[in-house]
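Below: one structure, written as structure tokens.
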Amino acid sequence: MLASIISSGMSKIGRRDDLGSRELFAEAFTECMEKVPNVDRKDIDAIYVGSQSEIYERQIMYGNLIAETAGLLPKPAIRVEGCAAAGAIALRSAIIDVMSGLHDIVLAVGVEKMTAQSTEVVTDALMEASEPTLEQSNGLTFPSIYAMMAMYHMHKYGSQVEDFARVAVKNHHNGSLNPKAHLQKQITVQDVLNSKIVASPLKLFDCSPISDGAAVAVVTKKEIARKYTDTPIHVLGMGCATDTLGLYSRNDISWPNAAYLACSDAYQMAGIDASKIRIAELHDAFTINEILLCEAAGFSDRGKGHLLVRNGDTSLNGKISVNPSGGLKARGHPTGATGLAQVYEIFLQMRNEAGKRQVDNSDYALAVNEGGSDAVVVSHLFDR
Ligand SMILES: CC(C)(COP(=O)(O)OP(=O)(O)OC[C@H]1O[C@@H](n2cnc3c(N)ncnc32)[C@H](O)[C@@H]1OP(=O)(O)O)[C@@H](O)C(=O)NCCC(=O)NCCS
């Protein structure tokens, strides 16, 4: 066991007009601290803050912004980046801090305020996480990058647009049970297929939305976790791997190799294999990506991820509940916050606090958070 998580909080995700990062963080932090009344704020030794872009709020110093809002100055407070993997990188940094013995209690934060900007500005800011020479300069966008992966997967393995649509239907269903989700409307396969094309074959409902939100987790040494709560969850393993920024340098764009390596490391560290995982929060920024990550996490053979959703194996109470929160697709995707929003869901699920979307027997859970087009992937494996 690497470390324990004794509390977690998350703001409502969505279009949060008039709220900036400070207020979104405050909402998540207040919920988190209410769950551990024995933790005095001054017991928090350090803060890591994941944020994707400095463009949305014209702010780089998220470490300071958050520490000040939390009343934690002059504690060390460091912003980490990694595009949409920033939240999991903040968690990983907090865990390493605690494991090193440097600190006892560390706060991991993820936050992003996106919706005050137009879709064009957000699309452009996201593309700063892509390869500059050929991909940015030729006008690629994240939807079009994942559309190419989808096309190739269809060509090579026979997945169909209906399989992608099934991922959206499943995750919208789960999101409809999550009062904090951005999109809480149930949809049908036909709704997905009839929605507007964003980058063929991906349509509006194949994409995660642009969202505002924050999520936090308190990490401690396993030896002291029970001083603060009877129901901590534990980090058994973690992994982090990278790949080329440009898709054109990869051998096979239908295989997310960094995700595979990040998951393999987490399994090895935890001493378990994929068959033990009951819940997974996977980075479904686009529906195809949930399918690719199911393969990389070992839930299916390579090239067969689409069969899981086709057969209902990844539905809420299927063999492996994938994205019970609604995932990025429906819970929403405030980029820097997403990695910790995944952890928030796992924290609730493992403590039987997930309400209408509670999954049975959630002994082991996996979170996979991705930055760029599978360019940096961070995984965490939990038990309780
Ligand atoms: C898909 C996308 C292009 C749609 O943006 P848009 O065309 O500007 O859409 P709008 O914001 O104008 O919204 C139009 C409607 O669709 C809805 N909507 C927007 N995005 C949606 C999504 N992804 N799924 C479902 N509904 C969505 C809005 O709520 C709105 O509904 P309303 O008219 O009932 O209010 C945008 O959400 C996007 O770029 N998503 C991907 C973000 C991304 O790449 N993240 C990083 C990945 S690592």
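The values are calculated or read from the model by the stated rules, or taken from the named source; none is laboratory data. Computed from a predicted structure; not experimentally measured. Cβ sites come from the backbone with ideal geometry, for glycine too, and all protein chains shown count toward neighbours.
Okay, here's what the table says:
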read-out: Any pair with Cβ under 8 angstrom, 6 or more apart, that starts in segment 112-124 at a residue that is free of Cβ contacts under 8 Å to residues at least 24 places away in the same chain and ends at one that is surrounded by 16 or more Cβ atoms within 10 Å (Cβ to Cβ) and of a type in the set (Phe, Trp, Tyr); value: Thr123/Phe142
read-out: Residues of segment 125-168 satisfying the condition of being touching a residue at least 60 places away in the same chain (Cβ under 8 Å), among the hydroxyl-bearing types (Ser, Thr, Tyr) and within 19 Å of Leu204 (Cα to Cα); value: Tyr146, Ser159
read-out: Listing of helices (runs of 4 or more DSSP H) fully contained in segment 101-215 that carry 2 or more residues being farther than 23 Å from Glu81 by Cα and more than 8 Å from the ligand (Cβ to nearest atom); value: 142-157, 161-176, 189-194
read-out: Residue among Asn317, Asn257, Asn311 that alone is surrounded by fewer than 24 Cβ atoms within 10 Å (Cβ to Cβ) and at pLDDT below 95; value: Asn317
read-out: Answer from Met127, Met154 - the residue that is under 25 Å from Arg331 (Cβ atoms) and surrounded by 18 or more Cβ atoms within 10 Å (Cβ to Cβ); value: Met127
read-out: Residues of segment 44-100 that turn out to be in a loop (DSSP other than H, G, I, E, B), free of Cβ contacts under 8 Å to residues at least 24 places away in the same chain and under 20 Å from the mean Cα position of the chain (by Cα), as a count; value: 1
read-out: Leu24, sole failed condition from (1) of a type outside the set (Val, Ile, Thr); (2) crowded, with 18+ Cβ neighbours inside 10 Å; (3) modelled with pLDDT under 95; value: (3)
read-out: Considering residues of segment 229-244 that are more than 15 Å from Asn369 (Cβ to Cβ) and surrounded by fewer than 18 Cβ atoms within 10 Å (Cβ to Cβ) only, the residue nearest to the chain's Cα centre (by Cα); value: His234
read-out: Val343 vs. criteria in a loop (DSSP other than H, G, I, E, B), at negative phi, among the aliphatic types (A, V, I, L, M) and away from the ligand (no atom under 16 Å from the Cβ); value: no
read-out: Subset tally (residues that are touching a Ser or Thr at 6+ places or on another chain (Cβ under 7 Å) and polar (S, T, N, Q)) for segment 131-167; value: 2
read-out: Single condition Lys222 does not satisfy, out of (1) modelled with pLDDT under 95; (2) out of contact with any His (no Cβ under 7 Å at 6 or more places or on another chain); value: (2)
read-out: Qualifying position, being within 16 Å of the ligand (Cβ to nearest atom), under 27 Å from Ile96 (Cβ atoms), surrounded by 21 or more Cβ atoms within 10 Å (Cβ to Cβ) and not β-branched (Val, Ile, Thr), among Leu381, Leu348, Leu293, Leu366; value: Leu293
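Matching residues to (1) of a type in the set (S, T, N, Q); (2) farther than 24 Å from Ala367 by Cβ; (3) in contact with a Phe, Trp or Tyr (Cβ under 8 Å, 6 or more places away or on another chain):
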position	(1), (2), (3)
Ile66	no, no, yes
Pro74	no, yes, no
Ala108	no, no, yes
Glu120	no, yes, no
Ser130	yes, no, yes
